[in-house]
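A quick write-up on the structure given underneath.
What follows draws every value from the coordinates through simple rules; no lab data is involved. All values reported here derive from a predicted model rather than from experimental measurement. Cβ sites come from the backbone with ideal geometry, for glycine too, and all protein chains shown count toward neighbours.
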Amino acid sequence: MKRIETSRRHDTRWGCWIDRRKPLSFRFEGRRYTGFEGDSLASALAASGVMVFSRSFKYRRKRGIFSLNASDANTLVNVDDIPNLFAERVLLREGLKAHAQQRLRFNPLFVLTFLSRFLPAGFYYRTFFRPRGVWKLWERIFRKLAGVGLLPQTKVAHHALPRFDKAYGFFELVVVGGGLAGVTAATTAARLGVRTLLVEREPRLGGASFAKDIDANMDANLDASLLQAPLQAPLQELLQELLQAPPDALTVMTGGEATGLFADRFLAVVEAKKRRLHKIRAQSCIVASGAFELPAVFRNNDLPGVMLASAARKLMRGYGVVVGQKPVIFAANSFGYQLALDFLALGIKPILLDPRPVPHIPDALSIRDHHIVCANGVIPLEALGKGRIQGVKAMIAGSQHFFPCDCLCLAVGFAPAAELLVQGGAELRYLETHHCQRLISLGEGLHAVGAVAGLFEPAKVQRHAEQTAKAVARELLSLRSLRQKTKTKTRTKTETRAARHRAKPLNTLPAPTLFDDAAQNWHDPVFPYLRGLKRNRSENNEKDESHKGKKEFVDLDEDLQISDLHDSVRDGYDSMQLVKRYTTLGMGVSQGRHSNINGLRIVSRLTKEEPARLGLSSVRPPTAPESFSMLAGRSFQPLRLSPMHQRHEQAFAKTMVAGSWLRPAYYPPPPQPLGETEARTIVEQEVRSVRTSVGMIDVTTLGGIDVYGEDAAEFADRLYCWSYKKQLVGRARYLLMTDEAGVVADDGVCCRFAPDHLYLTTTTGGSDAVYRALLFWKAQWNLKVEVTNSTAAFAGVNVAGPLAREVLQGLCEGIDLSGESFPYMGVREGKVAGSYARLLRVGFVGELGYEIHVPFSEGEALWDALMQHGKRWQMKPFGVEAQRLLRLEKGHIIIGQDTDGLTLPHEAALGWAVSRKKPFFIGKRPLEIQVERGITKRLIGFSIPARRHHRRHHKNLPHECNLVMHEGAIDGRVTSIAYSPTLDRVIGLAYVSQSRKTLAIKLDNGKLLQASIVPLPFYDPEGERQKL
Amino acid sequence: MPCPIHGERNIAEFFCKGPVLSMPNATRGTRQQWARYLFLAENKAGIVDEWWLHSPSSLWFVARRDTTSDEILQTWTIEAYRTQQQKKTTPKATPKATSKTTTR
Amino acid sequence: MAALFARRRSPLAPRLSALGAAFVPFADDVALVETLPAYHREVGKRHREHITPLLLCDLSPLARVGVKGRGGESLLRRSALVPAKEVNESVEQKDGALCVRLAGNEVLLLSALDSQGTHDFVPLRKNLAASRSKQQVFPVAYQDSLCWLALAGDRASDLLATMCAVDLRDGVFAHGGLAQTSLARLSALVLRDPVRRSSTISSDVPLFHLLVDSASSLYLWDCLRDAMGEYEGLVCGRQDLLRFLATTSPSRSPSRSPSRSPSRTPPRHSASPFSGTRAP
């Protein structure tokens, strides 16, 4: 491996973020480089002279460090197989392997840059689809070209995957941003006793101030020789105080990025290093997220080596990297001049180009003694160079000048990084006086300090941050004492805390007169090439602006040039919302951070609208890219298991999911996986045993609700369709529940154990919904009734089959199981296998059967007793598949499968369960109205003679949801279908518009199959077997 | 959501059933009244009293919400709401004026 | 193991058996885990390494009773019990039992932690069976519909913060307070043990009672064990728990939640558990 270019690291000066004693080696694009501990990948590469990090999205132009702030996609790299990471956010470590995500050296797609004429904004709306079918060809090409990063190709074993976690957090005050403003606010608030969290994205505090930023883990000894600028002193003191603050009052989180602010100050904070997503509820939030620098737009402003002044400053001061030996600084504010001083401190003479026509006195004075080239009234024309910047051409006083350089720094202004605040309801407006966006109102409980609020001067920042923090602390402490007082009062207070709190909203924004922007932002850093060439800048000359492919990049991520915005406006898409969507301005990785404001200025000029009136599109979370793993970490999928679950597992039952429960579907013989045909055979065997001898099934999942009180029957009467007031104690009745529109909602059985005690069962999936509905209606009526959800209080087993009575006789105490004393549709209480039990004798599968409900904790014991006792009769358990088949043979419907969101009881053959005499039940009147109008469909039973190949392969048999056809039109659909071993026919349920003799079902392959309509139930129509 | 019994909790713990409506008469109600009650939602842009459920405790209560700003103005237990309705005095809830010019 | 032969079984018995727990008979026909051999092995190691212990204990076999209705308060008084005054609060009874007031006219009674299981709530049960409609009070089958887990230790609220969106920290969530909320997406009752009169249970150690639907108990157990890994938590038996509560005084560690804040002297228990090879 050839060693790379000479190091650009300065030996001794600055680099306060790195530790020169700890070198680290890493690889980029296969070559080996060295950096230091504390370096980011970007700074280490910059120090090693690497200038090209990627190729741009559309034109595949070479790109390098631009903002060093995740405000552009130039530095997206693939690190250790993880794609799309910002190189400036990756902390360097030993052995790191990084790759660019495009071909850096010889990229054949670079030819696109010469075809830019044919690729204006929105070109894809008008091309690639003629002649017909040509898109298939283009699509294959685009799939290869599009996208940025590549997902890892190697599979990682599940247990070797890193684990991601989540945690909730609760604080009274969260301060986002650990620069001077943030640290001031946090320490002030903590001093006053407010529970504060300070969140800072970088691994160190300090923000844009280049003090010796103190990592909270490091020693507090401060090296005086590293103090470089006047704002260091106040920050040092604060950081000292920070280290001594009690942990209860102030928590500091470095390496945490707040990516979203949701309603009522609910923050998402991503702590990438610890792989944890924090969901933090703050009562108040002070956002000190700073400002990001804006670029200038001119020809070839995307060349590697052209960067923002803040990036250059970070590289030099923070990482000790000399960004260039022959720098040119395009400076429209004092920040650029300060950068010039930084270069001078390294012994390098920069060239200053200032667009301001007249020298700005303080700036000019600062560099007076250094004899450097400084020009005013400069209009940049273009940056020149092949693959990296080699010089700058500019127009000064009407004549062109060329400045050779190896680095071009742009300092034209700042915009507030107010995304979080805007998500929380703040309003940004473009102020003409300051040539930038400013916050003019904040959401409730939100405050802004520092550069995001428009203040840059350190003394001002500190004062405002202190004032804000004090005001916020006062408000929070008074709320705290208010909340403690209300705890002792009764809970029927009607006034909410929020109403009281909202009475006097706190306004902490600084007055506009305090803003420092006016000196910071250049009003128009957009310099179209052709306009610059002309001596006098004619504002209204359209021809100036209509220049194709002059490579003045507005949005680096999307490779948008000024001409693209022109095209958009010319095509009629001239509001900012339309420009954004048509040109994709601001839709790239940086989400408009470096492109939106300049785009706004250009469109404003073209449409002759005020920037303030044009506005910008809204900002949504996340403010920074989040990995899916972070969002998926520690996710919860509740699972409910019956107490007999272990027994099912030990019997190798195949489980299925029913709602949040796991139920055994069938019990295969041990333990190899079964194919579909074998599984069906097992199910048919289970069905046969139940019909001929006896079987048992775990029915714990069915819901149970206990209703107590003297009005219990009246309550049931009002909620369900049938009548229960005259139901005798010891009897069971069918329950059908309809919703307010008369649509079938749930069904079950109502058991009366006492005059004031009803036990209502529900379907497995409906227990929660029914319980809530019962509570809702209970609250509407003034009845003497109490309702409790006993679903998990009872475990249940249903013993069904002609031998059921024989089997249970030996286990029951206190219950006479004979047919006379315990008839069909009866309920009894007693003991089974020593446990208190409720026995229900209901239809279930159409055989003699008893449903036994025992306390949940005794379920397993009951199962064991039944299995043991039942050995004599070879009683085996059966599962849900067999249950469904048995019930289908009896024509029982499944709510949700044989009914849908519109099915009325009369349509589902349940009209008999609707009382005509009751004065009221939920859904009564709507049901009456609809029945009057006429029932348009009916659920009927059909049967198909079974052929041998039907049984074995189930080919050419209808499936659920196959359509029923009549005279070429759709007449209904099949809702359930299965082969019945008991009847040796294929039976099913279907909806039809009219009851006929036969129906025609359209199979999946398009053919029609004739089936005969038969009355329900298919098996034992008189119901004799269940009344044994 | 400031639940009247449990205090302020994340909105994820709650479920909104819809506005508080009175059912038309079960025997004398006309088709139009019933159809309007069941299928035509007023969808008012303004202050609405709604039924809310606190899922973990299956507790129903009433909340007054400004549907334009999604702010919860006040909450009541069912008994308190009933007494409040019977008195026929509506408390003065002050909806916060929010002017948003950033387009969504 | 005794668990297999007792008629009433805690839904968490399979997990405890897998940890090698020994079940002893308790009350009429239920088995309880009083102590765990693995706990004794591990807890000493924790103390030596200055890790604040975090304990999880299954208390499902202990007695609990629920009553619902307007006549609940008077029924409690007739049964020589002191009802809690406010909703979402609990009050300690003479024998160490807890009376917790839930929303909707419901009261939950939890037996004393050191109960022997034979005399819990006898007068209450008798009165409840006798009256009912007349007294407007009805039973709720909490003995079976809820499982009962205890979580003790300084880091308990940090653990719960990974799965519960309610602030349960010291100073915010009062002693004796109840939060009916969502825990790992389950409906749960989270109760902080009230300040106890007796000296056998120190009020300084945070102790939480978690009560969830019995059918979801195994799921919650697995979630808690998984989250406990980060804090090196341990499963213990009832006697182990009582001993821990009696003897431990809280360690005032420099940072309460080191997993969030970088502390000056990195405490041992902030080591990241996510090193890939850790089994849940």
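Expressed as an acute angle from 0 to 90° and rounded to the nearest 10, what is the orientation of the C-alpha long axis of helix A:676-692 relative to the principal long axis of chain A? Value to nearest ten degrees: 30. DSSP finds beta bridges in the protein assembly as shown, and of those with both partners inside it, around 80 percent are antiparallel.
Suppose every Lys and Arg Cβ carries +1 and every Asp and Glu Cβ carries -1, with no other charges. What dipole size does chain A come out with about its Cα centre, to the nearest 20 debye?
Details: 139 positive and 104 negative charges, 402 e Å.
Roughly 1920 debye for chain A.
Farthest toward the positive end of the dipole of chain A, out of A:913, A:641, A:882, is the Cα of A:882, where the dipole comes from beta carbon charges about the Cα centre. Between the residues A:71, C:220, A:142, the greatest Cα displacement towards the positive end of the dipole of the protein assembly as shown, with unit charges on the Cβ of Lys, Arg, Asp and Glu, is found for A:142.
Please identify every one of the chymotrypsin sites (Phe, Trp or Tyr not before Pro) in segment C:194-245 that sits in a loop by DSSP and has no more than 13 other beta carbons within 10 Å of its own beta carbon.
Passing sites in segment C:194-245 do not exist.
For the pairs A:784/C:94; A:778/B:44; A:326/A:534; A:144/A:279; A:550/A:580; A:22/A:314, note any where the Cα-Cα span goes beyond 30 Å. Over 30 Å Cα-Cα: A:784/C:94; A:144/A:279. In plain terms, if you count all Cα to Cα distances in segment A:282-425 and split them into 10 Å steps from zero, the share in each step is 11, 39, 31, 12, 5, 1 percent. By DSSP, the beta bridges lying fully in segment A:14-168 are antiparallel in about 90 percent of cases.
With Cα atoms defining each centre, segment A:994-1028 and segment A:365-394 are spaced 89 Å apart in the structure.
Taking the Cα centre of chain C as the origin, how large is its charge dipole in debye, to the nearest 20, when only Lys and Arg (+1) and Asp and Glu (-1) carry charge on their Cβ atoms?
Details: 35 positive and 27 negative charges, 62 e Å.
The dipole of chain C has a size of about 300 debye.
Of the three principal axes defined by the Cα atoms of the protein assembly as shown, the extents in descending order read 116, 84, 72 Å. Counting, for every residue in A:860-868, the Cβ atoms of other protein chains within 10 Å of its Cβ and taking the mean gives 2. In segment A:286-389, taking the dipole from charged Cβ atoms about the Cα centre, the farthest positive-side position among A:319, A:301, A:334 is held by A:319. Look at the Cα gyration tensor of segment C:64-144: its axes a ≥ b ≥ c give a/c of at least 1.5 with a/b at or below b/c, and that counts as oblate.
To the nearest 20 debye, what charge dipole does segment B:2-86 have about its Cα centre, counting +1 at the Cβ of each Lys and Arg and -1 at the Cβ of each Asp and Glu?
Details: 9 positive and 9 negative charges, 101 e Å.
The calculation lands at about 480 debye.
Report the Cα centroid-to-centroid distance between segment C:216-235 and segment C:91-132 in angstrom, as an integer. Distance between centres, Cα-based: 28 Å. The reciprocal of the average 1/r between distinct C-alpha atoms defines the Kirkwood hydrodynamic radius, which for segment A:610-757 equals 21.2 Å.
When only Cα pairs under 8 Å and 6 or more residues apart are kept, what is the percent relative contact order across chain A? Write out the running numbers ahead of the final one.
On the way: 2138 pairs, mean separation 88.2, N = 1028.
About 9 percent, as a whole number.
Out of every Cα-Cα pair that segment A:844-893 contains, those further apart than 18 angstrom amount to 45 percent. Computed from Cα positions, the angle between helix A:924-933 and the longest principal axis of chain A comes to roughly 80 degrees.
Taking 8 Å as the Cα distance limit and 6 or more residues as the minimum spacing, I'd like the relative contact order of segment C:64-144 as a percentage.
41
Using a cutoff of 8 angstrom between alpha carbon atoms and counting only pairs six or more residues apart, the relative contact order for chain C works out to 21 percent.
Sorted from fewest to most neighbouring beta carbons within 10 Å, what does the list A:985, A:581 look like?
Working: A:985 20, A:581 16.
So the ranking, lowest neighbour count to highest, is A:581, A:985.
For the peptides A:291-299, A:811-819, A:53-61, what is the packing order when you average, over each peptide's residues, the other Cβ atoms within 10 Å and list the highest mean first? List each step's numbers first, then the result.
Working: A:291-299: 25.2, A:811-819: 15.2, A:53-61: 21.9.
Answer by packing, highest mean first, reads A:291-299, A:53-61, A:811-819.
Axis angle, to the nearest 10 degrees, between helix A:134-145 and the longest C-alpha principal axis of chain A: 70 degrees.
Ordered by packing density, taken as the mean number of other Cβ atoms within 10 Å over each peptide's residues, highest first, how do B:4-12, A:392-400 rank? Working shown, then result.
Numbers: B:4-12: 18.2, A:392-400: 15.8.
Highest-to-lowest ranking by the protection proxy: B:4-12, A:392-400.
Remark: mean inter-chain Cβ contacts per residue of A:775-788 equal 5, using a 10 Å Cβ-Cβ cutoff to other protein chain atoms. Look at the stretch A:160-170: the mean tally of other chain Cβ atoms within 10 Å of its residues' Cβ atoms is 6. Taking the average, over residues, of other Cβ atoms within 10 Å as the packing measure, peptides A:101-110, A:149-158, C:23-32, A:520-529 rank A:520-529, C:23-32, A:101-110, A:149-158 from highest down.
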